[in-house]
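For reference, the structure discussed in these notes is given below.
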């Protein structure tokens, strides 16, 4: 049992594929700072999503940190229930991961955060990830964004930015 999740020890430990997710890689500057602690998600976070527009930053269009935190929490519950990928998180400090992932999403969406964790290539190297694992992570992130009320425009903009990180995540796979 790690944090709120019971994770299976079947797969190698690693920083997770998610961020891989998720594609996230290219926005990695270095590791999460202690000030990037997890902010509790608000139950009404999905209702705070702002409409997207040319004058609106992606971060604001997503709904800011409350919505990002709610998306990360939702995403992690989905991962915990998915036998295809949960093993990759077996030895992961989920609370640290959640904080780092939220910071990374904030950073990649031009929010006031500075992700300083490992690069996606380094974080995911030699994990044995396949396209199916990568796609499962993306599927869960997309579903979490939808369930937290993020509209199609901002959701697709974020997923598009994250998709650019796919090659970094998959770079050093066996």
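Every number in this text was worked out from the coordinates using simple rules, so none of it is lab data. The structure presented is a predicted model; accordingly, all values stated were derived computationally and were not measured. In this analysis, Cβ positions are derived from the backbone assuming ideal geometry, glycine residues included, and neighbour counts consider all displayed protein chains.
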Problem set entry | In nm, spacing of pseudo-spin labels at residue 82 and residue 135 (7 Å Cα→C-beta vector) | 1.2
Seminar exercise, completed: With Rg from the Cα atoms and Rh as the Kirkwood inverse mean 1/r over Cα pairs, the stretch 76-174 has an Rg/Rh of 0.93
Exercise. Taking the Cβ-Cβ separation of residue 157 and residue 126 as r and a Förster radius of 22 Å, what is the calculated FRET efficiency to the nearest 0.05?
Worked result: 0.10
